[in-house]
Every structure is written in C-alpha cells, then in structure tokens.
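Asks: My structure is below; once you've seen it, I'll send some questions.
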Amino acid sequence: MIAFNSDKCSGCAVCPAVCPQGVIQMKNGKATLTDYHSCMECGACAKNCSYDAIELTKGTGCLAAIIKEDILKITPVGTGCGCGTGSDTDGDCC
Amino acid sequence: MENTMSECCTSSESVLKNPVTISFTISDYIKLFYCWIRSFRNNISVTPGIYYTGDQYDVTAPMLVTSNYLLTFYLVWRVVRRLNVRLLVIDTRGINVWCASGKGRFSAETILEHLEQYTPEQKTRSGKLELILPKLSLSGVNLKVLRRNMIKPVIGPIYRQDIPAFLGSDTLKDCREDTYRFNLRDRLFIMVPSLFQFSRYLLPVVAGLAVWHWFFKTGIHYQFYLLSLTITLLYIILFPLLPTRWFSVKALSEGIVISAVVNAWMLYRGVFSWLMAGAITTAIFGINLFFGLYFTGNSGVSNYTLVKREIVIFLPVTALVLVASAVLFILEGVTS
C-alpha cells in the first residue's frame, strides 16, 4: 500500500521525476498519486523523498514470493522470489 | 568476456582493480542464451568494476551504472559498444537492475563502495563525477546520498535502446518523463522464457495424462501441452487487450473464449461428451488462471498489494478448478 502525506510534502518534485510509471503529478504544489492501479509500488518515490512524506509497504508482486512470504510465511519478506535477492541464498525463482 | 566471468554466489567476488575493456567469448553467448531462457532466474554474473568501450580508457567518457547480471551487462553493452562510454558494474550478485534495486542490492551505498576502489584520477578530471543511473534502479538508489558524495547523478533512460539518443545530447538531462511501458516488444522478449519455464509445470501433467490414456484411452495427452502453450502465448500477446487490470480476470476472459472455441470444435467433430467437455473446460480455466497468477512475476507491472489480494482470492479457486478437471478426466477415462 502506498500513501502520500500532503502535510509532510514539500513540493520538491523529486518523486514524479523518479517514478518509472509516471503516476505521480504535482497538484497545487503537492505530490499526488494519479493512478494507483498503474503504480508498481516499487518505492522509488519513497526512497528519494527527503521528507518522509510517502509511506509504502514493500513486497514482491509475484506468485512464488507471495506464497512463500505472505501465505506460508516460510521466508522473510523480500526473499521469496529466490534469485538470491534479499538473502544470502541463491535459488530458483517462481 | 575473458577473465571476468564468475558464477555468482559461489565465490566472493572482488571489484576489478583497473578499468578493463569488454569482449565476449562463445561460452559467454551460450551463457547469455541460458540467462534469457531462464529469464532472470539464474545468477550468472560478471566481475564488478569499471569497464569501457573503445580502444583506450577515457576518463571523460560518460559513466553508466548497471548490474553485474551477465544478460543485463551484455544488453547494455550491445547498445553502447560503438560509443565512447564507461560502465560501472555493481555487484548485485548476478541479479538484474530492477530486482536488485527492489531488494536493496543496487543502492547508492553499493555504488559508492565500488567507486572507492578506484583512484580519483581513474574516475573524473572535474572533481565531480557524473553518473548515469538506469531509471529502474531508483527504487534502490537514494540520489541525495550520491549528491552528498560529490557525485552528480543523472536519471538515465528506462530502456537501453534509448541510451544512444540520451547520450547524444550536449548536456545530459534527467529522463523525468521516461516511463515503463511493458509493450509488445517487452512481452515478446519474455514470451519464450515464460513458455519454457511454465513447461516444467505442464510436462508432468502431460506425462500423467499419457499414463491415464495408456490405461483408459481417453485420447488426451500431448494435446494438453499444445493447448497450454496456446493459452500462455495468447495471454502474453493479448495482455493489454484482455479486460481489467487483474491478472486472473484477464485469464478468465481468455478462458471463456478458448473454452468456447474448443467446445465448438468438439461439437463440430462429433466428439463432444458432457464429461469430456467439463474436463477440458475446467482444464482451460485452471491453466489460464494458474498462468495468469504466475505471470505476475514475469510482467514487471505488478503491484504488490493488488497482486497479493488477487492471489489470496484466486489461488484457491485455481486449485479447485484444476482438481475438478483432474477428477473429470479420471471419470471420463473410467466411464468411456
């Protein structure tokens, strides 16, 4: 889930610049998410926000990761898709 | 790539001490094909460090940052090989830029660690190094951290094909408007690997159907595989045209059309029976749903929250439909 806090937003416009989906726009000097369904929740906006104005729940949007991380809870969040990402183990993905 | 290849995670990799030029061997091309077929699910890597194109190292050449996944490295090199550029290859343990950034391996801190391995003279003459970052790396890279360390980060293109035009401009400007499209070209690139990967789930089922046919002459075995390949192929090609943004609803829509066509064909050929029609129709919906959910990992446009919701709802449905299909196939074999 992603949420923009307009009180904290300074209007610096970094988030629309780094968004790979082009779903963030500046409206009245504040960053606004224009199309949640096209947002990949990649976190580039939150990562580059200097004012903690963007809250994001990060995860891996794929079947294997969600089964392992969220349903079976057999791997820590961020490691379920294998590929060695996020953990020190390499392995098969999906 | 002579003397630079290594299998990720089987040894501790070190960063190249000096910038090196790039060349690929036949063995590398075989590995590249394997990387493509496995579609980002292996960790064949190159040694991290600074590489360059051209005959000699040019400290004033633009420096692009990328991951040390062999396929990524090669694809970037392909588009810049005739230009005068430098590649700063980050140790992402053989993971592509997008995944490594999402998981924190492609970060500002990692970039700085790699740059520390080189002398200031090897990096820049101006005192401030300009680094071109792939836009898809920004989920892991905090630009402010780089700026604090005397680096001028530039947001580069999402697509490697756009790099030459980007570098062609007099002053490098952030690709602020560049967006990920997941267009037909992207989908075709992952189509063969997706079919290849999905086959590992399908082939055991085909083997089971062949055994069942051997006992009960159902007449269904390899056709299941062909049908499944058709389903996956159409799903990937028609992806943006299938209704709604839910992967599973797209799959159900495709299932309706394909099952209608298959049942009509069975009627036309005079081989229709309610049991067989039920078995095949549920199989079509089951395969469609399973591939739709599976494709969330291949698509690059999946939103974690939405995909999670979808999987929680549709994974049990998929399992039920596939079990129903198996039961109907068994009944068809026993009763026919």
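The values are calculated or read from the model by the stated rules, or taken from the named source; none is laboratory data. What you are looking at is a predicted structure, and each value in this text was computed from that prediction instead of being measured. For neighbour counting, all protein chains shown are included, and Cβ atoms are generated from backbone atoms with ideal geometry for every residue, glycine included.
Asks: Of the conditions (1) at pLDDT below 95; (2) under 30 Å from B:W98 (Cβ atoms), B:F314 fails just one. Which one is it?
Replies: Tallying (1) at pLDDT below 95; (2) under 30 Å from B:W98 (Cβ atoms), B:F314 fails exactly one: (1).
Asks: When you go through B:L267, B:L252 one by one, which is the residue that is buried (at least 18 other Cβ atoms within 10 Å of the Cβ) and more than 30 Å from B:N96 (Cα to Cα)? It would help to see each step written out before you state the result.
Replies: Working: B:L267 fails: buried (at least 18 other Cβ atoms within 10 Å of the Cβ).
Going through B:L267, B:L252 in turn, the sole match is B:L252.
Asks: Please give the number of the condition A:D52 fails out of (1) at the interface with another protein chain (Cβ under 7 Å from one of its Cβ atoms); (2) assigned to a loop (DSSP other than H, G, I, E, B); (3) at pLDDT 65 or above.
Replies: So A:D52 meets the others, but not (1).
Asks: Say whether the condition of being closer than 21 Å to B:N303 by Cα and surrounded by 13 or more Cβ atoms within 10 Å (Cβ to Cβ) is met by at least one residue in segment B:203-214.
Replies: no
Asks: Next question. What are the pairs with Cβ atoms under 6 angstrom where one residue, in segment B:295-323, is facing chain A (nearest Cβ under 7 Å) and the other, located anywhere, is of a type in the set (D, E) and surrounded by 22 or more Cβ atoms within 10 Å (Cβ to Cβ)? Sequence gap at least six, or different chains.
Replies: Here the result reads B:N303/A:E41; B:Y304/A:E41, each pair linking segment B:295-323 to a residue that is of a type in the set (D, E) and surrounded by 22 or more Cβ atoms within 10 Å (Cβ to Cβ).
Asks: State the number of residues belonging to segment A:52-74 that are farther than 22 Å from B:V301 by Cβ and crowded, with 21+ Cβ neighbours inside 10 Å.
Replies: Of the residues in segment A:52-74, 1 are farther than 22 Å from B:V301 by Cβ and crowded, with 21+ Cβ neighbours inside 10 Å.
Asks: When you look at B:R176, is it within 21 Å of A:A44 (Cα to Cα), free of Cβ contacts under 8 Å to residues at least 24 places away in the same chain, within 14 Å of another protein chain (Cβ to nearest Cβ) and surrounded by fewer than 19 Cβ atoms within 10 Å (Cβ to Cβ), yes or no? Walk me through how you get there before you give the answer.
Replies: Details: within 21 Å of A:A44 (Cα to Cα): yes; free of Cβ contacts under 8 Å to residues at least 24 places away in the same chain: yes; within 14 Å of another protein chain (Cβ to nearest Cβ): yes; surrounded by fewer than 19 Cβ atoms within 10 Å (Cβ to Cβ): yes.
Spelling it out, B:R176 is indeed within 21 Å of A:A44 (Cα to Cα), free of Cβ contacts under 8 Å to residues at least 24 places away in the same chain, within 14 Å of another protein chain (Cβ to nearest Cβ) and surrounded by fewer than 19 Cβ atoms within 10 Å (Cβ to Cβ).
Asks: Further question: Checking A:C42 against (1) within 29 Å of B:P243 (Cβ to Cβ); (2) buried (at least 21 other Cβ atoms within 10 Å of the Cβ); (3) more than 12 Å from every other protein chain (Cβ to nearest Cβ), which test does it fail?
Replies: A:C42 satisfies every listed condition except (3).
Asks: Related question: Just checking, which of B:L331, B:L315 is closer than 20 Å to B:Y222 by Cα and touching a helix residue (DSSP H, G or I) at 6+ places or on another chain (Cβ under 7 Å)? Can you show your working first?
Replies: Values: B:L315 fails: closer than 20 Å to B:Y222 by Cα.
Selected residue: B:L331, the only one of B:L331, B:L315 that is closer than 20 Å to B:Y222 by Cα and touching a helix residue (DSSP H, G or I) at 6+ places or on another chain (Cβ under 7 Å).
Asks: Does B:S107 meet the test of being under 19 Å from B:I155 (Cβ atoms) and small (G, A, S)? So that I can check it myself, show each step before the final result.
Replies: On the way: under 19 Å from B:I155 (Cβ atoms): yes; small (G, A, S): yes.
Criteria met by B:S107.
Asks: Let me ask you something else. Condition test on B:F198, is it part of a helix (DSSP H, G or I), under 30 Å from B:I280 (Cβ atoms), within 14 Å of another protein chain (Cβ to nearest Cβ) and touching a residue at least 24 places away in the same chain (Cβ under 8 Å)? Show your work before the answer.
Replies: On the way: part of a helix (DSSP H, G or I): yes; under 30 Å from B:I280 (Cβ atoms): yes; within 14 Å of another protein chain (Cβ to nearest Cβ): yes; touching a residue at least 24 places away in the same chain (Cβ under 8 Å): yes.
The answer is yes for B:F198.
Asks: Could you please find all residues in segment B:201-241 being of a type in the set (A, V, I, L, M, F, W, C), in contact (Cβ under 8 Å) with a residue 24 or more places away in the chain and closer than 25 Å to B:G333 by Cβ? Outline the logic, then answer.
Replies: Initial filter on segment B:201-241 (of a type in the set (A, V, I, L, M, F, W, C)): B:202-203, B:205-207, B:209-212, B:214-216, B:220, B:224, B:226-227, B:229, B:231, B:233-234, B:236-239, B:241.
With in contact (Cβ under 8 Å) with a residue 24 or more places away in the chain added as a condition, the list becomes B:202, B:209, B:212, B:215-216, B:220, B:224, B:227, B:229, B:231, B:233-234, B:236-237, B:239.
If the condition is that a residue be of a type in the set (A, V, I, L, M, F, W, C), in contact (Cβ under 8 Å) with a residue 24 or more places away in the chain and closer than 25 Å to B:G333 by Cβ, then B:L202, B:L209, B:W212, B:F215, B:F216, B:I220, B:F224, B:L227, B:L229, B:I231 are the ones that fit.
Asks: Now for a separate question. Looking at this structure, is B:F291 more than 9 Å from chain A (Cβ to nearest Cβ), in contact with a Phe, Trp or Tyr (Cβ under 8 Å, 6 or more places away or on another chain), on the phi < 0 side of the Ramachandran plot and touching a residue at least 60 places away in the same chain (Cβ under 8 Å)?
Replies: yes
Asks: Being assigned to a helix (DSSP H, G or I) and surrounded by 19 or more Cβ atoms within 10 Å (Cβ to Cβ) is the filter here, so list the residues in segment B:115-159 that pass it. Quick ask: steps written out before the conclusion?
Replies: Looking only at segment B:115-159, we keep the residues that are assigned to a helix (DSSP H, G or I), and these are B:115, B:120-123, B:135-137, B:143-148.
Hits for segment B:115-159 are B:L115, B:K123, B:K135, B:L136, B:S137, B:L143, B:L146.
Asks: Further question: For the structure I just gave you, tell me whether B:V97 is within 14 Å of chain A (Cβ to nearest Cβ), within 25 Å of B:G168 (Cβ to Cβ) and either among the hydrophobic types (A, V, I, L, M, F, W, C) or touching a residue at least 60 places away in the same chain (Cβ under 8 Å) (or both).
Replies: Yes; evaluated as a whole, the condition is true for this residue.
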